[in-house]
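Down below is the structure, laid out as structure tokens.
The values are calculated or read from the model by the stated rules, or taken from the named source; none is laboratory data. Here the structure is a predicted model, which means the values were calculated and not measured. Reconstructed Cβ throughout: ideal geometry from the backbone, glycine too, with neighbour counts over all protein chains shown. Ligands, DNA and RNA are stripped out before the accessible areas are found, and what is left, the full protein with its side chains, is counted by its heavy atoms. Shrake-Rupley method; radii C 1.70, N 1.55, O 1.52, S 1.80 Å.
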Amino acid sequence: MIRLLSILTLFFFVLLSLYPFAWMFFSSFKTNKEIYQPSQMLPEEFDVQAYGMLLGGKFVDFTGSLWQSVLIATTQALLATLVSALAGFVLARYSFRAKAFLIGAALLIILIPRQALVVPVFEWFHWLGWTGNSFSLVLCGIASGLGVVFFSQSFRQLPVELMEISRLEGFSPLRSFLLVIPLFVPSMVTYFLLHFALCWQEHLLALLLLDDSSLTLPLALAKLSDVSHRAPESIGMAAATLSFLPIVFLFALFFRKMRTALSQLSLS
């Protein structure tokens, strides 16, 4: 009885979580009149005109913004994963004088709201002359306090024997890192996906650092909702649906590796 009740409760909350996404998807086929009636779930007629206008670039360059987001999110996530893994490995397996300070700095970066760092980051990049292109948005997300803490916890599970062998062989920290990194592929994939998702949805920094020729998807979606209401609401729903698909695809593709990494962290 308790098991059945747990399953029913879980099923209810799953449906509750999926409802907004289902409403968004079905709204991409609706007229404005139908969208303004939230109680109406299904459209009277499945019209794909919104997807045609969106992909045709009638109101916004959706395809260009999509590839721009893919490029920025993938590059930043790859670099952030590499840098965070290196930092986490050193903090977890080596002792040095500034270790406590660096761990505290990583935690402080997590605790400080991103909004409080936006203006200093913009002024710094403007002073360097790096605003207005994709490179600026990629660079400002490479250092991640969350990534450093995540990987430092992961590398604490590394068997002591492996580190002793690397020291006896005279391996440098970098070579020791390359030696053990195959054991932590699930952790690296997990953090890559988490960082990719965060970068994919980045709006505030993208708004300040990018120009009109290199808009990402969040900025393109914002342009569809201007005060003139030129674009039908269904186009915004279609754009939101398509922008959501890459995240779903990646998480579905690497779900097993993520589950492995998260279960290892929960046991540590």
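Before moving on, here are some points about what is shown:
- Taking the Cα centre of the chain as origin and assigning +1 to Lys and Arg Cβ atoms and -1 to Asp and Glu Cβ atoms, the resulting dipole is close to 920 debye.
- Environment charge of F184, counting only residues whose C-beta is closer than 14 Å and scoring Lys/Arg +1, Asp/Glu -1: +3
- Magnitude of the charge dipole for segment 1-118, about its Cα centre and with charges confined to Cβ atoms of Lys, Arg (+1) and Asp, Glu (-1), is about 800 debye.
- Helix axis angle, 99-111 relative to the chain longest principal axis, alpha carbon, degrees: 10 degrees
- The structure shown yields Rg and Dmax of the Cα atoms in Å, and of the options [x] 19.4, 72; [y] 19.0, 61; [z] 22.6, 73 that calculated value carries the label [z].
- Cβ-based charge dipole, the chain, positive-most Cα from L250, L5, V90: V90
- Length gained on full extension, L16 to T74: 17.8 nm, using 0.36 nm per residue less the C-alpha separation.
- Trypsin sites (Lys or Arg not before Pro) within segment 63-144, DSSP loop, no more than 12 other Cβ atoms inside 10 Å: R97
- Estimated from helical segments only, the mean residue ellipticity of the chain at 222 nm is -23000 deg cm²/dmol, where each DSSP H run of four or more residues counts as -39500 (n - 2.57).
- Straight-distance candidates among the lysines for linking to K33, with alpha-carbon spacing under 27 Å and chain neighbours fewer than 8 residues away dropped: K58, K223.
- Neighbour net charge for G132 - beta-carbon separation under 10 angstrom, K R +1, D E -1: -2
- Length-normalised contact order for the chain - Cα pairs under 8 Å, 6+ apart - percent: 32 percent
- Based on the Kirkwood approach, the hydrodynamic radius assigned to segment 122-268 is 18.5 Å, with every pair of different Cα atoms included.
- Between E161 and K33, residue separation times 0.36 nm minus the direct Cα-Cα distance comes to 39.4 nm.
- Surface analysis of the chain yields an accessible area of 60 Å² per residue, using protein heavy atoms and a 1.4 Å probe.
- Using a Gaussian network model of the chain in which every pair of alpha carbons under 10 angstrom is joined by a spring, one finds that among A240, A77, A85 the greatest mean-square fluctuation is at A240.
- Longest stretch of the chain clear of exposed loop sites (GluC sites (Glu not before Pro), DSSP loop, at most 15 other Cβ atoms within 10 Å, sites excluded): 46-168.
- Under 11 Å from the Q49 label point (7 Å along Cα→beta-carbon), backbone N, segment 11-41: 30-32
- Within segment 144-237, trypsin sites (Lys or Arg not before Pro) in DSSP loop having at most 14 other beta-carbon neighbours inside 10 Å: R156, R230
- Between T9 and A116, the modelled labels are 3.7 nm apart [label points 7 Å from Cα along Cα→Cβ].
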